[in-house]
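Engineer: Input: one structure, supplied below.
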Amino acid sequence: MAKKQFKAESKRLLGLMINSIYTHREIFLRELISNASDAIDKIYYKTLTDESLVFDRESYYIKIIPDRQNRILTVSDTGIGMTKEELDDNLGVIARSGSLGFKNETEIKDGYDIIGQFGVGFYSAFMVADKVSVISRAFDGDQAYRWESKGVDGYTIEPCDKETVGTDIILQIKENTEDEKYDEFLEEYRLRSIVKKYSDFIRYPIKIDVSRSRLKEGSEEEYESYTEEQTINSMVPIWKKNKNELTDEDYKNFYFEKHYGFDQPIKHIHISAEGTVSYNAILFIPEKTPFDFYTRDYEKGLELYSNGVLIMNKCPELLPDCFSFVKGMVDSGDLTLNISREVLQHDRQLKIIAKNIRNRIKNELLSILETERDKYEAFYQSFGRQLKYGIYNNFGADKELLQDLIMFYSSKEKQLTTLAEYVERMPEEQKYIYYAAGESIERLEKLPQTELVADKGYEILYFTDDVDEFAIHILMNYKDKDFKSVSGGDLGIETEAGEDKSDADHRDLFEYMKNLLKDKVTDVRASRRLKQHPVCLTNEGELSIEMEKILRAMPDNHNIKASKVLEINTGHEVFDVLQKALEADREKLDLYTSLLYNQALLIEGLPVEDPVEYANNICKIMK
Ligand code: ADP
């Protein structure tokens, strides 16, 4: 029988995992049970929605069978099973959803990160077993197949016998080593405690045979042993339980059991709503971004149940885009099982649920922001961008929802601040909320354009994310205060009388320079914002220089240009030099103009247009 190879990446991960020193090997059972439960969900759903099938709740269960003599542990389910092709597709690739995303070798050196980052599902069986066999018979197939593997060197698939639909996962448990006791995974009490810990809320019975002894019939001292099948888990889904009965640990286990994420969620939200629409929901706010979060591959959505039956894995209608990071589930008795995607989109009940959820998430985030700032900031590091995109994407429709949740780095506070906090601190005469956009805080700290505003003692918000300025343009104002870029035309700050004359006074010089830079800038003028620096670029109109940079870096390269203004500090020594050159040496003035313009570009983080010419010009001056 031909041996098939795992996909290259899977092989590598599998090898790493088998040899890993992962301390929570016990989670393999949670993974197998979770797969079994999903498989039963699928067949259960089929029987409920297909009238030709008989529904019999009794026949859905998971059974754990330890065999100490032969060191074999079997996890058996009566779920939907797998066809030959499915065995090949599903079990030939490890952690399909995650493996492509891992970053580099060092990050996945030991098993911690692999399991932590991607959750390896079925493959975690290899942490405790030398050999894994999967015997499965699919619901719509008449032949069963055995998939078998001893790890990295591949797997085989061959036909075999199995009477009933479902899957048996058969683990040949490893021998004990000096450091690791694998025996425990064959002990009934240990298995029970693992199930209790991780899988108590699985909605199907998880059974195990328990050996007991009793007095032999008719005898008063002779005992006999017998086995009795017991259900280990309580089976009440966690969302139907009373919040008071549940601990943080229970919610976390549910989060992991469901593979919602592999981080520690910062908050769970448990909703039991009754009224116009009744539903239960458990939502989680994660701490870390899933590896694909900011890619096109990421799918938002909540699990949707109708009276305890899973009808959709990821129902996107339940979550607004701006909260796409939220994980969890909704169970409502008001939804019909056979509901189609199209109908779902317009379902009134679902819309009400979605609206409630959206408000609840917002309030929950606000409360974290108010009471657990550190936690919120950790969350914001991960998902802040998404909130800002939220403002941008919906043309401000979600303004009310999001404006109190976003934060920016403050020039004064030297940390993240909310808009409300900024406005609260504004001196009475300050009219605008000032911001500066650029690559990093370090660069913005040195940006010449901030000089006047900073000098006035006003706080500046630093925009370092691509989306920031775009979002703010949509937001327009906060509590009636307009936003103003320190690089924009008028800063709205009164300058000392007399200064305004400078443009007129120096018209000749500015006109001359403007003429030299005619395709590059729309104007050259005296600056009212510079104190120490000789020149800077500002923009006129809606599109800022930062926005131009961002748009130009986009794949569909927008060739849009901000209209730039070269501002000159008339109080600077360099200005005197320019004036002298205007009268005495036009050739020099041409050279200076080109140099200053290029300097201004560099300060903005824009490339100089002709680096060689720029370098030559500097040499010319030095000579
Ligand atoms: P995940 O569960 O995250 O998709 P796994 O590696 O655990 O990843 O499983 C891969 C796939 O194999 C599952 O998505 C499912 O389709 C299939 N599978 C695993 N176990 C079973 C089972 N007991 N019954 C039916 N299908 C299963």
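The values are calculated or read from the model by the stated rules, or taken from the named source; none is laboratory data. Bear in mind that the values here come from a model prediction, so they are computed numbers and not experimental data. Cβ: placed from backbone, ideal geometry, glycine included. Neighbour counts: every protein chain shown. SASA here: full protein model, heavy atoms, side chains in, ligands and nucleic acids out. Shrake-Rupley method; radii C 1.70, N 1.55, O 1.52, S 1.80 Å.
Engineer: Quote the charge dipole size of the chain about the Cα centre in Debye, to the nearest 20; the model charges only the Cβ of Lys and Arg (+1) and of Asp and Glu (-1).
Structural biologist: Charge dipole, the chain, about its Cα centre: 340 debye, nearest 20.
Engineer: Also: Quick one: Debye curve from the alpha-carbon atoms of the range 427-479 only, equal weights, vacuum; give me log10 I(q)/I(0) at q = 0.22 Å⁻¹ to two decimals.
Structural biologist: Computed log10 I(q)/I(0) values: -0.89.
Engineer: Under a Cβ-only charge scheme (Lys and Arg +1, Asp and Glu -1), can you give me the dipole magnitude of the range 465-623 about the Cα centre, in debye to the nearest 20? Working shown, then result.
Structural biologist: Working: 21 positive and 33 negative charges, 68 e Å.
Dipole about the Cα centre, nearest 20: 320 debye.
Engineer: Could you work out the Kirkwood radius for the range 238-376, taking every pair of different alpha carbons, averaging 1/r and inverting it, reported in Å? Intermediate results must be reported in sequence, preceding the final value.
Structural biologist: Values: mean 1/r = 0.0645 Å⁻¹.
Radius from the Kirkwood sum: 15.5 Å.
Engineer: Of the heavy-atom accessible surface of the range 503-622 (probe 1.4 angstrom), what whole percent is carbon and sulfur? Could you put the intermediate results ahead of the total?
Structural biologist: On the way: 3220 of 6470 Å².
Answer for the range 503-622: carbon and sulfur cover 50 percent of the accessible area.
Engineer: Mean Kyte-Doolittle hydropathy of -0.5 or higher plus an axial Cα length of 20 Å or more: which whole DSSP H helices in the chain meet both? Present the calculation step by step, with values, prior to reporting the outcome.
Structural biologist: Values: long enough: 27-49 (33 Å, 0.17); 348-371 (34 Å, -0.34); 373-393 (27 Å, -1.21); 586-603 (25 Å, 0.14).
Sorted by number, the helices that extend far enough and score high enough are 27-49, 348-371, 586-603.
Engineer: Set the Förster radius R0 to 25 Å, insert the Cβ-Cβ distance between Ser367 and Glu299 as r into 1/(1 + (r/R0)^6), and round the FRET efficiency to 0.05. Before the final figure, lay out the partial values.
Structural biologist: Details: r = 28 Å, r/R0 = 1.11.
According to the calculation, E is roughly 0.35.
Engineer: Moving on. Averaging sequence separations of C-alpha pairs under 8 Å and six or more residues apart, then dividing by the length of the chain, give the relative contact order as a whole percent.
Structural biologist: Working: 1051 pairs, mean separation 50.0, N = 623.
For the chain, the relative contact order is 8 percent.
Engineer: How large, in percent, is the carbon and sulfur part of the accessible surface of the range 136-281 at a probe radius of 1.4 Å? Please report the intermediate quantities before stating the final value.
Structural biologist: Working: 3170 of 7820 Å².
In the range 136-281, the share of accessible area belonging to carbon and sulfur is 41 percent.
Engineer: Give me the base-10 log of I(q)/I(0) for the range 178-288 at each q in 0.16 Å⁻¹, Debye formula, one uniform scatterer per Cα, rounded to two decimals.
Structural biologist: Result of the Debye calculation: -0.87.
Engineer: From the C-alpha gyration tensor of the chain, pull out the three semi-axes of the equivalent ellipsoid (sqrt of 5λ each), sorted largest to smallest, in whole Å.
Structural biologist: Working: eigenvalues 855, 154, 88 Å².
Semi-axes, largest first: 65, 28, 21 Å.
Engineer: In square angstrom, what is the accessible area per residue of the chain with a 1.4 angstrom probe?
Structural biologist: On the way: 31000 Å² over 623 residues.
For the chain, the solvent-accessible area averages 50 Å² per residue.
Engineer: Moving on. Using +1 at the Cβ of each Lys and Arg and -1 at the Cβ of each Asp and Glu in the chain, identify which of Gln172, Val453, Ile568 lies farthest towards the dipole's positive end.
Structural biologist: In the chain, that residue is Gln172.
Engineer: Which entries in the list Lys399/Lys549; Lys42/Lys300; Lys46/Lys197 go over 28 Å, if you measure between the two C-alpha atoms of each?
Structural biologist: In this structure, Lys46/Lys197 lie more than 28 Å apart at Cα.
Engineer: Something else: Tell me, in nm to one decimal, what length is gained between Gln69 and His346 on full extension, where the rule is 0.36 nm per residue of separation less the Cα-Cα distance? Before the final figure, lay out the partial values.
Structural biologist: Numbers: separation 277, 0.36 × 277 = 99.72 nm, distance 5.78 nm.
Here the answer is 93.9 nm.
Engineer: Say R0 is 56 Å: what FRET efficiency, to the nearest 0.05, do Met476 and Asp576 get from their beta-carbon distance? Write out the running numbers ahead of the final one.
Structural biologist: Details: r = 41 Å, r/R0 = 0.74.
Given R0 = 56 Å and the Cβ-Cβ separation, E is 0.85.
Engineer: With a Förster radius of 30 Å, plug the Cβ-Cβ distance of Val54 and Asn176 into 1/(1 + (r/R0)^6) and report the FRET value to the nearest 0.05.
Structural biologist: 0.05
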